[in-house]
Amino acid sequence: METTHTDARPAAAGGNPWLSRPYLVRKKSRETADTFTLELTPPAEDGGFIFKPGQFNMLYTFGIGEIPISISGDPAKPETLTHTVRAVGAVSRAIAGLKPGSRLGIRGPYGAGWPVTDITGRDVVIIAGGIGLAPLRPAVHYLLAHRGEYGKIILVYGARTPADIVHRKDLEKWRSRFDIEVLVTVDRATGDWQGNVGVVTTFIGGLRFDPSSCAALVCGPEIMMRFTVMGLRERQVADNSIFISMERNMKCGVGLCGHCQVGPSFVCKDGPVYRLTDMKDVFIKREM
Amino acid sequence: MPVDTSPEKAIYVLETGDFQTLLDAVMERGHSIFGPVLRDGAITYDALHRDTDLPLGWNDRQQAGSYRLVKTKRKTFFAYAVGPHSWKKFLHPPSDMLCAAQRIDDRFSINEPDREHPRRAFLGVRSCELHALAIHDKIFTDGPFINEAYRRRRQDILIIAVNCSHPSETCFCTSLQTGPRATGGFDLALTEVLTSGNHHFIIETGSAAGAELCARLPVRKAARTDIEAAEKVTSAAAKKIRRSLNTEELRETLDQKFSDPHWGQIADRCLACGNCTMVCPTCFCSTVEDTTTLTGEHAERRLKWDSCFTAEFSYIHGGSIRSSTLSRYRQWLTHKLAYWFDQFGMCGCVGCGRCITWCPAGIDLTEETRKLQEKKFVIRRTNGR
């Protein structure tokens, strides 16, 4: 695999990999009806950690359980840990119910992130669907902080309806910049939506970038990624320039529990970000 | 892992009447002994202290989907193949405490449990099981992240292997070069030799600890004829093994047969009960179970064996990735026989035959794999991508 791998965290490696540390919920903001962004402060003796865009943590709510969630904050500000969570299951609902001042167990960061340092000099096309923007948000922060090192930067973001758009403030801020092209679309327009309507894939054909020297970073529902990959291939983007972030059931996050296995790899430690050439079977083989 | 590989190899003879001296010497060294005992109509692994705790005189009859015990008049010690248990139940227990959490108001602390550090001896470990142990060692202790509880339990294990004399009908270790004779990874290896008038053990040392033990036993140096008699036992056992698994290009074949209709024919019989994953000595998948006390102040997280045959195993928001029995059987088989090579550089099967014996539908992975291998396949070429 050519994707960047995380260095094992000294604190986690060697010891009990299942031990998490209680982080303080400092701020909680609502993204949509069921999605929240939490800002967390590490315990005093911990001091936070450096992470790579695209990495994830295991989030533990007391007595309920643990789930893998991508880090959605700015990698240049590791003192604050940011996670964006959609309340869909027992644990994520419990997380959504946390109030500022309560504690959330954290262990990580785990997995391979977006290859931001390997794609310098190229155009970067970021395609996100729904809450798939959350794992890409650290990458956007990183790219903009190192803006001079990349060619064009294009962000295509699709949500089901205007009410499902996450990280709205960031999108507005990025759209006001001249060094990143931001295209937001919804599957179904509601209310006074004046913007684009249509799934993200319908816009790939019209994007202006250099397919021979680009990197595409894609995250969203698997079906959306599948069609996005088809659209990118039509634009002659090579598979080894396409990166996808996978979601699978994870219990340990460190390659010991077996749940996230997809063919030859474990998504938690070999992914979640994959170069498409290493994970293309998943779009061909059903129930792999 | 605990075995010192540098000692001089020595071979001794121990009379069966003196077998208790071996157990005593092991216990004097501070090890509690676990080995084969009769329980619930099967030969299982549990604590034992006396040689009479062993299933003396018992044979087993195993077939696809069938396990029966037969009592004989001979006072044999190890005249049976592996039962439903494997050593993973001691090293990677079916339920294992990971951590505990205590809540005080809106804060909570997470504490690591006190780790047991038992000094155990495993008696009667078969060659296939030694290979299974080596596989778990690789999985749990060879990565950037390790299963610390496993490592601690594993480090001081004294292993007394037994070379197989009575392989079952479901065994196929010979085709995987994992038996029937133990070639390494033990402290002592025994061969039970029973000829007319003679009944004794040939003991081979495999470590300094093993040599030290032998020095305390009423043994005699093995003569050439003793060693030949022991070799005859394992070579005769090897000849009895009928089933086989051909691993040549198996990884590629299974990868290419992903969409083969034969998977559907297996799924028609598979009950997705997960028995095969429970009895398999190399299956290592686990889940985590969270519990709280009624007051809600104390929470525990326990690691539990999981099976890729359940719907929950691959559940993510929106549904299970593998919703059909077909996909779950395929996942199990291809992980063990194909992708294990990518992940751990070895085959995930050791040929012990447990999954065949304990499958209530009698599904035989050697037979199913052969059927997949025999079918012609077409290599799909993609345009260079």
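Let's see how each residue does on (1) over 18 Å from B:TYR339 (Cβ atoms); (2) polar (S, T, N, Q); (3) surrounded by fewer than 23 Cβ atoms within 10 Å (Cβ to Cβ):
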residue	(1), (2), (3)
A:MET250	no, no, no
A:CYS257	no, no, no
A:VAL267	no, no, no
A:ASP270	no, no, no
A:VAL273	yes, no, no
A:MET279	no, no, no
A:VAL282	no, no, yes
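Test A:VAL91 against the criterion of being within 13 Å of chain B (Cβ to nearest Cβ) and either out of contact with any strand residue (DSSP E or B) (no Cβ under 9 Å at 6 or more places or on another chain) or open to solvent by 10 Å² or more (accessible area, probe 1.4 Å) (or both), and give yes or no. Yes.
Tell me whether the range A:143-150 contains one or more residues that are over 26 Å from A:GLU222 (Cα atoms) and in a loop (DSSP other than H, G, I, E, B). Walk me through how you get there before you give the answer.
The initial filter retains those residues of the range A:143-150 that are over 26 Å from A:GLU222 (Cα atoms), namely A:144-150.
Keeping just the survivors that are in a loop (DSSP other than H, G, I, E, B) gives A:146, A:150.
Yes, the range A:143-150 contains a residue that is over 26 Å from A:GLU222 (Cα atoms) and in a loop (DSSP other than H, G, I, E, B).
A single entry from B:LEU254, B:LEU245, B:LEU217, B:LEU213 fulfils the requirement of being open to solvent by less than 40 Å² (accessible area, probe 1.4 Å) and within 14 Å of chain A (Cβ to nearest Cβ): B:LEU254.
Would you say B:ALA267 is of a type in the set (Gly, Ala, Ser), within 13 Å of another protein chain (Cβ to nearest Cβ) and touching a strand residue (DSSP E or B) at 6+ places or on another chain (Cβ under 9 Å)? When the stated conditions are applied, B:ALA267 does not pass them.
For the range A:137-159, a tally of residues being of a type in the set (Phe, Trp, Tyr) and open to solvent by less than 10 Å² (accessible area, probe 1.4 Å) returns 1.
If I ask for residues that are without any contact (Cβ under 8 Å) to a residue 40 or more places away in the chain and on the phi > 0 side of the Ramachandran plot, which ones from the range A:250-269 would you list?
First pass over the range A:250-269, keeping only residues without any contact (Cβ under 8 Å) to a residue 40 or more places away in the chain: A:255, A:257-264, A:266.
Correct list: A:GLY255, A:GLY258, A:GLY263.
If the condition is being facing another protein chain (nearest Cβ under 8 Å), outside any strand (DSSP E or B) and either of a type in the set (A, V, I, L, M, F, W, C) or closer than 14 Å to A:ILE69 by Cα (or both), then the range A:250-268 contributes A:LYS251, A:CYS252, A:VAL254, A:LEU256, A:CYS257. Which residue pairs have Cβ atoms under 7 Å apart, sit 6 or more places apart or on different chains, and have a first residue in the range B:308-323 that is more than 7 Å from chain A (Cβ to nearest Cβ) and a second that is part of a strand (DSSP E or B) and surrounded by 15 or more Cβ atoms within 10 Å (Cβ to Cβ)? Short answer, once both residue conditions are applied: B:ALA311/B:SER320. Looking across the range A:56-83, the residues that are open to solvent by less than 10 Å² (accessible area, probe 1.4 Å) and either assigned to a helix (DSSP H, G or I) or more than 14 Å from chain B (Cβ to nearest Cβ) (or both) come down to A:ASN57, A:ILE71, A:SER72, A:GLY73, A:LEU81, A:HIS83.
When the range B:83-125 is filtered for residues that are more than 14 Å from chain A (Cβ to nearest Cβ), touching a Gly at 6+ places or on another chain (Cβ under 8 Å) and exposed (fewer than 15 other Cβ atoms within 10 Å of the Cβ), only B:ARG119 remains.
Please verify whether B:TYR12 is farther than 30 Å from B:GLU212 by Cα and surrounded by 17 or more Cβ atoms within 10 Å (Cβ to Cβ), treating the condition exactly as stated. In short, no. With respect to B:ALA42, determine if the residue is of a type in the set (Gly, Ala, Ser) and more than 14 Å from every other protein chain (Cβ to nearest Cβ). In short, yes.
Taken over the range B:305-336, the criterion of being among the aliphatic types (A, V, I, L, M), open to solvent by less than 30 Å² (accessible area, probe 1.4 Å) and assigned to a helix (DSSP H, G or I) is satisfied by B:LEU333 alone.
Meeting the requirement of 3 or more residues that are free of Cβ contacts under 8 Å to residues at least 12 places away in the same chain, the strands (runs of 3 or more DSSP E) wholly within the range B:75-143 are B:107-111. The residue that is farthest from A:CYS260 (Cα to Cα), counting only those in the range A:94-106 that are open to solvent by 20 Å² or more (accessible area, probe 1.4 Å) and among the aliphatic types (A, V, I, L, M), is A:LEU98. For the range B:337-351, the set of residues classified as away from every other protein chain (no Cβ under 11 Å) and in a helix (DSSP H, G or I) consists of B:LEU337 only.
Do we have any residue at all in the range A:222-238 that's among the basic types (Lys, Arg), within 10 Å of another protein chain (Cβ to nearest Cβ) and surrounded by 24 or more Cβ atoms within 10 Å (Cβ to Cβ)? Looking for residues that are among the basic types (Lys, Arg), within 10 Å of another protein chain (Cβ to nearest Cβ) and surrounded by 24 or more Cβ atoms within 10 Å (Cβ to Cβ), one finds none in the range A:222-238, hence no.
When B:THR295, B:THR277, B:THR183, B:THR225 are checked against the criterion of being open to solvent by 40 Å² or more (accessible area, probe 1.4 Å), closer than 30 Å to A:VAL91 by Cα and of a type in the set (S, T, N, Q), a single residue qualifies: B:THR295.
The values are calculated or read from the model by the stated rules, or taken from the named source; none is laboratory data. Predicted, not measured: the structure shown is a model, and the values here were computed from it. A quick note on method: Cβ atoms are made from the backbone with ideal geometry, for glycine too, and the neighbour counts reach across all protein chains shown. To get the accessible areas, we keep the full protein, side chains included, count just its heavy atoms, and leave off ligands, DNA and RNA. Shrake-Rupley method; radii C 1.70, N 1.55, O 1.52, S 1.80 Å.
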